[in-house]
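What follows is a structure written as structure tokens; I'll ask about it next.
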Amino acid sequence: MSTIQEEVTIKAPAGSVWTVVHEEMENWPLWSTHLRSAEVVGGGKPRKGSRLRYAFMLPGGKEIGIEMLQTVFERPVRCAGEVVKGPISGTWSWDYRESRGKTRLRYTMEMKLGGVLRLAGGVITDQYAKSMQDTLLALKEYVESR
């Protein structure tokens with residue numbers, strides 16, 4: 001299992017950052033460098049117990065789909081869960097710490113690649129980490145420009 005952990009500090013309250021990341025799913029492709037689409041399975045708003053369906057673009061142009069179960073939804077402190085369907089398995093979390101009007105956001109994913117992705121393990125993990133760095137910087141820019 002590989003662990004990816006990336007952080008960014010955003011000049012905005014944690015509640016504002018939380019809203020962009022967890023409640024405005026239709027806008028995710030505006031700031032996510034690798035996400036093509038996101039939706040709550042069965043509709044509704046994200047919450048504890050929600051299943052989320054994502055379509056990601058992998059390096060090299062291959063798109064994969066995964067489903068995640070949100071097991072923690074503590075606004076605006078922590079959102080976490082597990083991958084329940086797709087070519088990867090593992091856990092993920094978004095952790096928020098606010099201080100003086102700024103939010104330190106940490107994204108963590110522990111993942112195990114399955115199927116054909118397993119063959120390119122280290123390369124995929126490194127490229128996903130870089131993609132998350134880019135995504136968090138794009139999120140920072142998006143939130144701070146609102």
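Just so it is clear, none of the values below were taken in a lab; they were calculated from the coordinates. Computed from a predicted model, the values in this text were never measured in an experiment. Positions of Cβ are backbone-derived with ideal geometry, glycine not excepted, and every protein chain shown enters the neighbour counts.
Compute the distance in nm between two label points, each set 7 Å from the Cα along the Cα-to-Cβ direction, one at LYS11 and one at GLU82.
4.1
Could you please report the charge total around GLN5, scoring K, R as +1 and D, E as -1 over all other residues with beta-carbon less than 11 angstrom from its beta-carbon?
Surrounding charge for GLN5 is -3.
Enter the angle in degrees (range 0 to 90, nearest 10) between the Cα long axis of helix 121-144 and the first principal axis of the Cα atoms of the chain, meaning the one along which they spread out most.
20
Which value in deg cm²/dmol, rounded to the nearest 500, describes the helix-derived mean residue ellipticity at 222 nm for the chain, given -39,500 (n - 2.57) per DSSP H run of n ≥ 4 and division by the residue count?
Taking each H run of at least 4 residues, the total per residue is -7000 deg cm²/dmol.
Can you tell me how the range 31-117 classifies by the Cα gyration tensor, rounded, prolate or oblate, using a/c under 1.5 as the rounded cut?
Taking the square roots of the gyration eigenvalues as a ≥ b ≥ c, the range 31-117 is prolate.
Now, a different point. Which whole number in µm²/s is D for the chain by Stokes-Einstein, with the Kirkwood Rh taken over Cα pairs at 25 °C and 0.890 mPa s?
159
Working from the pairwise distances between different alpha carbons, so that the mean of 1/r is found and then inverted, what is the range 1-81's Kirkwood radius in Å?
On the way: mean 1/r = 0.0719 Å⁻¹.
For the range 1-81, inverting the mean 1/r across all distinct Cα pairs yields 13.9 Å.
Quick one: putting +1 on the C-beta of Lys and Arg, -1 on the C-beta of Asp and Glu, what dipole do you get for the chain around its Cα centre, in Debye to the nearest 20? All intermediate terms of the calculation are to be shown ahead of the outcome.
Details: 21 positive and 17 negative charges, 50 e Å.
Roughly 240 debye for the chain.
Using packing as a proxy for protection, rank 41-47, 91-97, 1-7 so that the peptide with the highest average count of other Cβ atoms within 10 Å comes first. Write out the running numbers ahead of the final one.
Details: 41-47: 10.7, 91-97: 17.1, 1-7: 14.7.
Those peptides, ordered most packed to least, come out 91-97, 1-7, 41-47.
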